[in-house]
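Report on the structure given below.
The values are calculated or read from the model by the stated rules, or taken from the named source; none is laboratory data. All figures in this text were calculated on a predicted structure; none of them were measured in a lab. Cβ placement follows ideal geometry from the backbone for every residue including glycine, while neighbour counts extend to all protein chains displayed.
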Amino acid sequence: MYFINEEYINYLIKDDSLNNEDLQKDILFKASEAKGLNLKESAALLNINSPELYEELFSRAKEVKEKIYGNRLVLFAPLYITNICVNNCLYCAFRKDNRKLKRKSLSLEEIEAEAEFLVKQGHKRILVVFGEHPKKSSIDFIGETINRIYSINYNGNNIRRINANIAPLTFEDFKTLKSFGIGTYQCFQETYHYDTYMTMHPEGPKRDYAWRLYAMDRALQAGIDDVGIGALFGLTDYKFETLALLMHAFDLDFKYGIGPHTISIPRLEPALNAPAAINPPHAVDDLSFKKLVAIIRLAVPYTGMILTTRERPEIRRELFSVGISQISAGSRTSPGSYSESKESLDERELQQFQLGDHRSLDEVVRDCTSLGYLPSFCTACYRSNRTGDRFMELAKSGNIGKICTPNALATFQEYLNDFATVETKTIAENFLKNEIEGINGTTRKKIEKMITQVNAGERDVYM
């Protein structure tokens with residue numbers, strides 16, 4: 001009944017003919033066209049193990065990412081609303097049987113304080129994250145949360161796009177969620193391997209594999225244009241998980257003409273009193289992780305690939321060059337942890353998992369810029385109806401950059417004017433100048449006009 005064909009995936013993983021280096025070279029050559037790869041071709045690249053082919057794989061992934069998204073890195077932060085949950089996932093600190101976790105659910109006033117903190121750091125895009133609970137995460141409260149966050153204004157600065165990480169909804173509730181003005185709806189299968197899924201989810205509504213698997217179908221059918229999928233790497237064989245994740249992406253694109261707007265690739269990290277997180281069943285080493293990121297970029301070139309602060313700064317830097325196009329920054333993974341003082345809060349007792357990157361937004365911005373990446377705070381596509389199939393058409397054709405680059409430059413100037421430290425400004429202003437000088441013709445004139453508007457005090461200037 002499911003479109004995830006485990007038998008075929010396992011066949012591909014065991015197929016010795018896909019270990020052929022000449023075949024892998026041919027596939028990498030094809031991948032450079034940025035038209036994507038099929039499942040069998042992706043499986044062949046998962047077998048790469050020679051230094052020469054690793055180098056070519058990473059080079060091709062960088063080339064394809066830049067062909068579609070240029071040197072831009074979209075920045076966002078998660079906002080955790082509640083850590084109260086009715087599920088009992090063995091890898092998550094929020095699981096209901098975890099007696100060591102301090103439970104907290106934010107009021108609307110506390111949500112506003114959290115969001116205001118993020119606005120004052122310079123964020124324009126956030127991901128609201130709810131635990132699964134019939135009352136604490138009801139559709140009505142989700143709507144109130146989103147409305148309250150959108151209402152915040154700090155000297156012309158505000159949250160302009162709210163993406164939502166919420167447990168699977170009914171078709172009718174997805175229609176209601178759409179009416180709240182969200183951006184991308186995000187929900188991870190966690191693991192696509194059925195037996196592993198059932199082991200990791202011993203009780204609670206999340207135990208229903210099919211209900212979760214078809215959440216994106218219901219969301220798209222209900223009118224939500226942009227959806228984000230993902231897998232939690234470390235629960236089962238990373239090759240299986242990668243191929244199943246791609247199979248999901250291909251299925252959505254085939255049925256709706258809209259593949260996943262984003263794909264997230266979190267690795268299992270330690271979490272308070274979570275058995276599977278303390279001893280990952282299939283831990284993924286750094287090289288294998290870099291490989292699977294590059295392969296997903298080549299297989300699904302149009303998608304936004306998300307990397308969170310689970311990963312250490314040095315690993316994040318490496319992965320920027322092989323396909324990542326969106327990153328969280330200055331993140332915390334417990335409700336209330338932005339606005340509350342560190343002295344009054346032991347975050348370890350509230351958080352979902354352990355973070356690897358504890359830097360502030362400004363430090364991440366400075367680092368990205370020094371590496372040659374353009375931090376983007378742009379949220380224009382959602383408000384200009386460049387979503388769903390319209391966005392896909394622009395991304396698949398490689399034309400999305402003609403719009404995104406000017407908007408990224410304008411929003412970056414806005415960040416520098418309003419929030420950047422002196423140290424960051426010193427590095428970034430020269431970077432920004434060089435970026436603009438590298439663009440020719442009418443596009444450069446439009447960008448210079450937008451920058452002039454921003455410097456004159458206008459905010460939210462976009463094409």
Exercise. Out of all the residues in the stretch 203-218, is one or more touching a Lys or Arg at 6+ places or on another chain (Cβ under 8 Å) and among the hydrophobic types (A, V, I, L, M, F, W, C)?
Worked result: no
For this session: Return the only residue of Ser288, Ser321 being touching a residue at least 24 places away in the same chain (Cβ under 8 Å), over 20 Å from Glu269 (Cβ atoms) and surrounded by fewer than 22 Cβ atoms within 10 Å (Cβ to Cβ).
Result: Ser321
Problem set entry | Conditions (1) in the same structural domain as Ser337 (by TED's automatic domain parsing); (2) at positive phi: number failed by Ile84 | (2)
Exercise. Going by the conditions given, is Glu116 over 19 Å from Ala215 (Cα atoms), acidic (Asp, Glu) and surrounded by 15 or more Cβ atoms within 10 Å (Cβ to Cβ)?
Worked result: yes
For this session: For the stretch 89-102, indicate whether the set of residues that are charged (D, E, K, R), farther than 30 Å from Val454 by Cβ and within 23 Å of the chain's Cα centre (by Cα) is non-empty.
Result: yes
Problem set entry | Residue within the stretch 10-29 that is aromatic (Phe, Trp, Tyr) and in contact with a helix residue (DSSP H, G or I) (Cβ under 6 Å, 6 or more places away or on another chain) present | no
Seminar exercise, completed: Exactly one of Lys40, Lys120, Lys62 is under 25 Å from Arg148 (Cβ atoms), part of a helix (DSSP H, G or I) and modelled with pLDDT of 95 or more, and that residue is Lys120
For this session: Go through the stretch 126-144 and give me each residue that's touching a residue at least 40 places away in the same chain (Cβ under 8 Å), over 17 Å from Ser339 (Cα atoms), crowded, with 16+ Cβ neighbours inside 10 Å and not hydroxyl-bearing (Ser, Thr, Tyr).
Result: Phe130, Gly131, Glu132, His133, Lys136
For this session: Read through the list (1) at positive phi; (2) buried (at least 24 other Cβ atoms within 10 Å of the Cβ), then give the number of the only condition that Tyr69 fails.
Result: (1)
Exercise. What are the residues in the stretch 249-261 that are touching a strand residue (DSSP E or B) at 6+ places or on another chain (Cβ under 7 Å) and either crowded, with 22+ Cβ neighbours inside 10 Å or without any contact (Cβ under 8 Å) to a residue 12 or more places away in the chain (or both), if any?
Worked result: Pro260, His261
For this session: Give just the number: which of (1) over 20 Å from Cys368 (Cα atoms); (2) modelled with pLDDT of 95 or more; (3) crowded, with 18+ Cβ neighbours inside 10 Å does Ala271 not satisfy?
Result: (2)
For this session: Filter the stretch 162-217 down to residues that are surrounded by fewer than 16 Cβ atoms within 10 Å (Cβ to Cβ) and among the charged types (D, E, K, R) and give me whichever is nearest to Phe76 (Cα to Cα).
Result: Lys178
For this session: Scan (1) within 21 Å of Gly36 (Cα to Cα); (2) hydrophobic (A, V, I, L, M, F, W, C); (3) in a helix (DSSP H, G or I); (4) touching a helix residue (DSSP H, G or I) at 6+ places or on another chain (Cβ under 8 Å) for the single condition Ile258 breaks and write down its number.
Result: (3)
Seminar exercise, completed: Checked Ala115, Ala93 against criteria (in the same structural domain as Gly204 (by TED's automatic domain parsing), within 23 Å of Ser264 (Cβ to Cβ) and outside any loop (DSSP other than H, G, I, E, B)); the one match is Ala115
Exercise. Quick check: is even one residue across the stretch 55-65 hydroxyl-bearing (Ser, Thr, Tyr), over 29 Å from His193 (Cβ atoms) and either free of Cβ contacts under 8 Å to residues at least 24 places away in the same chain or surrounded by fewer than 14 Cβ atoms within 10 Å (Cβ to Cβ) (or both)?
Worked result: yes
For this session: For the stretch 126-142, state whether one or more residues are at pLDDT below 95 and of a type in the set (Ser, Thr, Tyr).
Result: yes
Exercise. Quick one: how many residues across the stretch 173-186 are assigned to a helix (DSSP H, G or I) and either touching a residue at least 40 places away in the same chain (Cβ under 8 Å) or in contact with a helix residue (DSSP H, G or I) (Cβ under 6 Å, 6 or more places away or on another chain) (or both)?
Worked result: 6
Exercise. So how many residues does the stretch 84-113 have that are surrounded by 21 or more Cβ atoms within 10 Å (Cβ to Cβ) and farther than 18 Å from Asn165 by Cα?
Worked result: 1
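Listed here are the residues, each with its yes/no results for (1) part of a helix (DSSP H, G or I); (2) outside the structural domain of Asn165 (by TED's automatic domain parsing); (3) in contact with a Leu (Cβ under 7 Å, 6 or more places away or on another chain).
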{"site": "Phe188", "(1), (2), (3)": "no, no, yes"}
{"site": "Tyr197", "(1), (2), (3)": "yes, no, no"}
{"site": "Trp211", "(1), (2), (3)": "yes, no, no"}
{"site": "Gly223", "(1), (2), (3)": "no, no, no"}
{"site": "Gly230", "(1), (2), (3)": "no, no, no"}
{"site": "Thr236", "(1), (2), (3)": "no, no, no"}
Exercise. (1) surrounded by fewer than 15 Cβ atoms within 10 Å (Cβ to Cβ); (2) part of a helix (DSSP H, G or I); (3) polar (S, T, N, Q): which one isn't true of Thr424, the others all being true?
Worked result: (1)
